[in-house]
1. Only one of 399, 321, 367 is touching an Asp or Glu at 6+ places or on another chain (Cβ under 7 Å), of a type in the set (Ser, Thr, Tyr) and touching a residue at least 12 places away in the same chain (Cβ under 8 Å). Can you tell me which?
2. Could you please let me know if residue 421 is touching a helix residue (DSSP H, G or I) at 6+ places or on another chain (Cβ under 7 Å), modelled with pLDDT of 85 or more, open to solvent by less than 30 Å² (accessible area, probe 1.4 Å) and within 26 Å of residue 376 (Cα to Cα)?
3. Here are some residues: 393, 387. Which one is of a type in the set (Asp, Glu), within 16 Å of residue 525 (Cβ to Cβ), open to solvent by 10 Å² or more (accessible area, probe 1.4 Å) and in contact (Cβ under 8 Å) with a residue 12 or more places away in the chain?
4. With a cut-off of at least 3 residues that are over 28 Å from residue 179 (Cβ atoms) and open to solvent by less than 10 Å² (accessible area, probe 1.4 Å), name the strands (runs of 3 or more DSSP E) lying wholly within segment 57-159.
5. Any residue that is in a strand (DSSP E or B), out of contact with any helix residue (DSSP H, G or I) (no Cβ under 9 Å at 6 or more places or on another chain) and either at positive phi or of a type in the set (Ser, Thr, Tyr) (or both) - is there at least one of those in segment 209-225?
6. Name the residue that is modelled with the lowest pLDDT, counting only residues in segment 467-515 that are on the phi > 0 side of the Ramachandran plot and in contact with a Lys or Arg (Cβ under 9 Å, 6 or more places away or on another chain).
7. State which residue pairs qualify: first residue over 9 Å from residue 526 (Cβ atoms) and open to solvent by less than 10 Å² (accessible area, probe 1.4 Å) and inside segment 460-479, second residue among the β-branched types (Val, Ile, Thr) and in a loop (DSSP other than H, G, I, E, B) in any location, beta carbons under 7 Å apart, and separation of 6 or more residues or different chains.
8. Run down 231, 225, 205 and say which single residue is open to solvent by less than 20 Å² (accessible area, probe 1.4 Å) and either within 29 Å of residue 69 (Cα to Cα) or among the polar types (S, T, N, Q) (or both).
Amino acid sequence: MKADFALDYDVLTVERPQKLYLMARLVSNSASDPHKRRPLNISLVLDRSGSMAGNKLEYTRQAAQFLVQHLTGNDTLSVVLYNEQVSTLIPPSAVTEKDAINQRLNGIKASGMTNLSGGWLEGCKWVEEAVTDDNINRVILMTDGLANRGVTHAEQLIALAKQKRQGKVITTTMGLGSDFNEDLLIAMADAGGGAFYFIESPEVTPTIFKEELRDLLNVVGQNLTVSVEMTDHISTINQLNAYNMHSDGKRVSFSLGDVYGSEVKTLLLELSIPALNDIGECEIARLRFEYDEITDVGSQHQIVDMPIVVNVAPQDADVESNPEVRRSVLLLQAARARRDAVAAADKGEYNRASQILKLAANAIEDSQIIHRELVDEHEVLLQQATEMQRGEEFYDSRSRKMMATQAIYTMTDRHESTLSLRSREVERILQTPTAEQKPGVTPIAITWREQTMPLKGELMRMGRAPQNELVLDAKNVSRFHAQVRRENDRLIVEDLGSTNGTYVNEVRISEPHYLSVGDVVRVGYEQIIFHDHD
């Protein structure tokens, strides 16, 4: 593995307090031969309360069976079920008789309440019985509801997760649907050293299990800690990520957990630098990477130390920033803005939440850094800012989970998961059944972003410009994108030379198109449904 770091500025100007961004990186090796990988010691803890009935339970079974098919006789698996009661469906055993395990999984039925703590602690107990330094020890807890039996206080569950982690039992949490407590599951995963996943709909369950299993099968390092030993040249250190932090006054440490094959693990810190008075090189701190590297013959404890050195130059010196570090800063600041917007919206401060998101979007635009990820992030932030202004009409349990999850994914070095979540959401929206199709019947109303309004007048223009009758404040929409006009008793939609095109029922139009009840017009990512009721 290779450890290094980068600064947004290698040169600081003399006699001026400044902020400096430090990006610490660990580039891992590819995973070893899969036949020589570490054995897995997993307990799968599944919610089978009444709310899991139907598709939720069916897809959960499929996901569990997928996991079983990819384990071997060297791996240990237990399966715990819980509602108000806790039962062990499969005690810890080597994964050899896969058909028998899958048959038992097929017999799971849903009923009752949710004793989350009881099920999770039972899973921890089974993993603890087989804990060794050679195993990857993991509890995977999945739920679709609130903990309403057993231990229900968040503080106790988080403290227990931290305690289990210290005993080498890692906890990954998965929340399914819209009714679970995402703050609790995120905090349990953070304290427990694992990952949090939001399963936004039942059919996504196997995909999420595949992602977790892929990581477990490719662990090349464990217990990664990155620490900074401070000098008088640093007054404060703040992280832009969301990792567990510990400080003893002079050394600040961050726990980044497992390292997977061919992964680039990063930590981004904001350093406050008091005025430096001497021109020349200056060591402002020392950086340490500490981890257990997994090899074919066991594990080796590695420690890598390196100085953080800056050049101090006169105040009129030319200073250039590192675009890679700046890009990472902007992505993480966007994630933190989502987290802060959620906190504001929880208090009913929707305008403030919207403003927080807009400020993060403006920071990306002002940076003038041209990068596809930042362009996408800018668009999404503006869209979320607009949606947040709708208040309670937009901000429900699902939208809160979507925004909180995007924040925690990006802040724990999983921005690709944020992009996948958004992509699935766009696909879901485009495939959502709409009004009944009635060819030839002229619509009398439209629905856009859950707002229904009558179609009045002879002309309705759509676009970002405020002069439009329907203002669509989204980056992927042109200023004057499309229009709907009346011709006798019919409605016609026309594209106005937009950049991204106008679509009717997902077919791009190049000439005027007559509209009927049930048609869906897409402008950028914005959908307008035409129907016969208001």
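1. 321
2. So residue 421 passes the test.
3. Within the list 393, 387, the selection yields 387.
4. none
5. yes
6. So, considering only residues that are on the phi > 0 side of the Ramachandran plot and in contact with a Lys or Arg (Cβ under 9 Å, 6 or more places away or on another chain), the one modelled with the lowest pLDDT is 506.
7. 463/477
8. That would be 205, the only listed residue that is open to solvent by less than 20 Å² (accessible area, probe 1.4 Å) and either within 29 Å of residue 69 (Cα to Cα) or among the polar types (S, T, N, Q) (or both).
The values are calculated or read from the model by the stated rules, or taken from the named source; none is laboratory data. Given the structure is predicted, the values throughout are model-derived calculations rather than measurements. Here the Cβ is made from the backbone with ideal geometry for all residues, glycine too, and neighbour counts use every protein chain on show. Just so you know, the surface numbers come from the protein's heavy atoms only, side chains and all, with ligands and any DNA or RNA stripped out. Shrake-Rupley method; radii C 1.70, N 1.55, O 1.52, S 1.80 Å.
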